[in-house]
């Protein structure tokens with residue numbers, strides 16, 4: 001079976017997702033040390049902070065080649081984030097939330113691999129045309145920002161696999177080795193896990209946030225703010241207030257006024273579980289512990305092996 | 001690997017879903033003949049019509065033991081539907097949309113197997129407590145009526161499997177053998193396919209409806225009518241009108257007035273693709289042909305085998 005270990009210098013075809021406020025240098029280094037792709041989420045970082053986290057990650061791992069940066073392509077500092085990362089030796093980029101046309105050729109010219117995050121087969125075809133090396137196809141069940149078409153991972157992956165020749169990595173709803181095996185059956189060549197890595201000792205999520213994941217049920221999240229930018233949220237007081245505004249047909253402007261600034265930082269980093277915005281995936285209901293990344297990765301690999309009649313995908 | 005072939009008298013652990021206006025005696029018999037569970041969808045049938053379809057199915061198959069009836073538990077004629085089915089020899093029932101407490105003990109006393117459709121681990125636990133023999137766990141991507149919590153199949157199946165001891169059958173988003181293998185990896189002991197069987201020669205869906213599935217993309221459906229009863233619809237004129245009402249915060253009463261009666265029959269059976277209600281799953285984008293049930297079932301089995309490193313789940 002082909003998998004992304006032939007594209008990226010990693011031992012197992014798994015990616016620890018880059019996530020705002022959660023995946024800094026410490027988490028990325030732990031993931032790289034465990035043999036998977038460790039991703040720093042630059043979305044919430046000013047260029048100086050990104051540099052700090054890159055320095056931290058490089059100090060904590062002997063596998064710098066297994067580090068990557070996730071860069072949403074919609075901030076004014078995108079170019080600066082990418083330049084710093086290149087200068088620090090990063091050669092794997094995950095890009096999202098913007099056109100893959102803008103930076104892919106340049107990054108590839110610098111010797112980097114570029115993987116774009118997509119939510120539909122149509123966006124995957126555009127990413128392949130832009131020269132991306134692979135796509136991460138992320139389903140409706142994923143935490144955080146989400147596609148408008150609400151295509152679930154199970155429906156999305158085979159349709160993306162059938163649409164492009166480049167490797168497809170599955171994301172959204174993957175919390176254990178059973179789901180890794182499942183998405184590989186669908187034709188994915190790897191899996192990206194987000195929520196599962198929030199609940200690890202090395203993530204920089206606040207302890208309250210980690211505990212909320214452990215306490216979650218299958219119905220603890222909901223896709224929200226569809227008139228704004230769709231985002232999957234943990235159902236806390238903040239969510240209920242957003243929902244109430246939406247149920248009363250609030251305009252986009254009224255919603256933006258309510259949101260204000262800094263809600264995500266307040267929730268995910270500072271642990272205000274009432275007023276903060278908590279972005280998290282539907283699979284949180286499956287997660288019952290906060291292991292180290294090393295323990296988690298070993299467990300994921302063993303789990304995917306056990307649920308296959310003939311052994312393992314990798 | 002354990003699968004539902006040890007519970008039900010079928011050769012392959014697959015169920016052709018019972019669907020309103022689509023799965024009559026002809027489709028159910030073809031499915032039974034192909035070695036899977038053939039289900040008559042009684043939801044749209046008066047008792048006399050159900051009897052007619054049962055008679056037809058019994059004439060068309062030598063495997064009456066592979067026939068089942070899907071009975072939504074919310075109609076006034078539910079008891080009558082169940083009594084007719086028992087009298088005609090049916091011993092497998094799929095129940096949905098109501099409490100499994102109401103009829104399960106009685107049906108089991110008559111020697112029948114009862115499988116309840118659920119959309120969350122909580123409902124699965126209740127079904128097990130009510131004595132059901134298995135549950136069908138159906139995700140957000142499924143066509144037609146849908147759970148309010150919007151849990152996708154990938155997130156739902158492992159959480160249901162971990163919550164009950166009875167077998168779990170996966171439904172929602174399963175359009176080919178890759179997805180069958182995937183849900184078996186998640187711990188399901190079988191798979192129910194709906195949309196895929198609408199687009200077969202033996203289904204009683206109107207030709208226009210079958211062609212719409214063949215022409216669909218991954219974004220041709222959307223979960224709708226969340227304030228009423230959530231239902232996944234094909235995006236046609238009827239859908240756009242419902243959406244417009246909802247975008248303008250129509251009340252439940254205004255929505256019901258617009259819906260009127262007979263919209264589903266008009267769309268799915270009579271082929272009015274503008275004014276009719278077309279219930280269909282997100283996986284329609286993956287479906288490109290209208291084979292016979294016999295050809296389809298053989299293909300599904302071969303596909304699931306090919307995507308597993310070690311062979312087959314069954």
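Descending by average beta-carbon neighbour count within 10 Å, the peptides B:252-262, A:268-278 line up as A:268-278, B:252-262, the highest first. Given R0 = 51 Å, the distance between the Cβ atoms of residue B:129 and residue A:48 translates into a calculated FRET efficiency of 0.35. Relative protection proxy for A:192-200, B:195-203, B:230-238, from highest mean packing down: A:192-200, B:195-203, B:230-238 (other beta-carbon atoms within 10 angstrom).
Inter-chain neighbour count for A:120-128: the average number of beta-carbon atoms from partner chains within 10 Å of each residue's beta-carbon is 1.
When peptides B:171-183, A:282-294 are ranked by their average number of other Cβ atoms within 10 Å per residue, the highest-first order is B:171-183, A:282-294.
Per residue, the convex hull around the alpha carbon atoms of chain A comes to 119 Å³. Spin-label pair residue A:211-residue B:257: with each label point 7 Å from Cα along the Cα-Cβ axis, the two points sit 5.0 nm from one another.
Look at the stretch B:299-312: the mean tally of other chain Cβ atoms within 10 Å of its residues' Cβ atoms is 3. The label-point distance for residue A:305 and residue A:11, in a model that sets each label 7 Å from Cα toward Cβ, rounds to 1.2 nm.
Averaged over the residues of A:141-148, the number of partner chain Cβ atoms lying within 10 Å of the residue Cβ comes to 2. For the pair residue B:65 and residue B:102, label points projected 7 Å from Cα toward Cβ lie 3.1 nm apart. The overall shape of the protein assembly as shown is prolate: from the C-alpha gyration tensor, with semi-axes ordered a ≥ b ≥ c, the ratio a/c is 1.5 or greater and a/b exceeds b/c. With the helix formula -39500 (n - 2.57) applied to DSSP H stretches of n ≥ 4, the protein assembly as shown reaches a computed 222 nm mean residue ellipticity of -10000 deg cm²/dmol. For residue A:48, the distances from its label point to the matching points in the remaining copies are 8.2 nm, ordered from shortest, with each point set 7 Å beyond Cα toward Cβ. Projecting 7 Å from Cα along the Cα-to-Cβ direction, the label point of residue A:101 sits 6.0 nm from its equivalents in the other copies, listed shortest first. Position residue A:311: other-copy label points at 1.3 nm, ordered by increasing distance, label point 7 Å along Cα→C-beta.
No lab work stands behind these numbers, since they all come straight from the coordinates. Note that the coordinates shown come from a computational prediction; the quantities given were computed from them, not determined experimentally. Backbone-built Cβ (ideal geometry, glycine too); neighbour counts: all protein chains shown.
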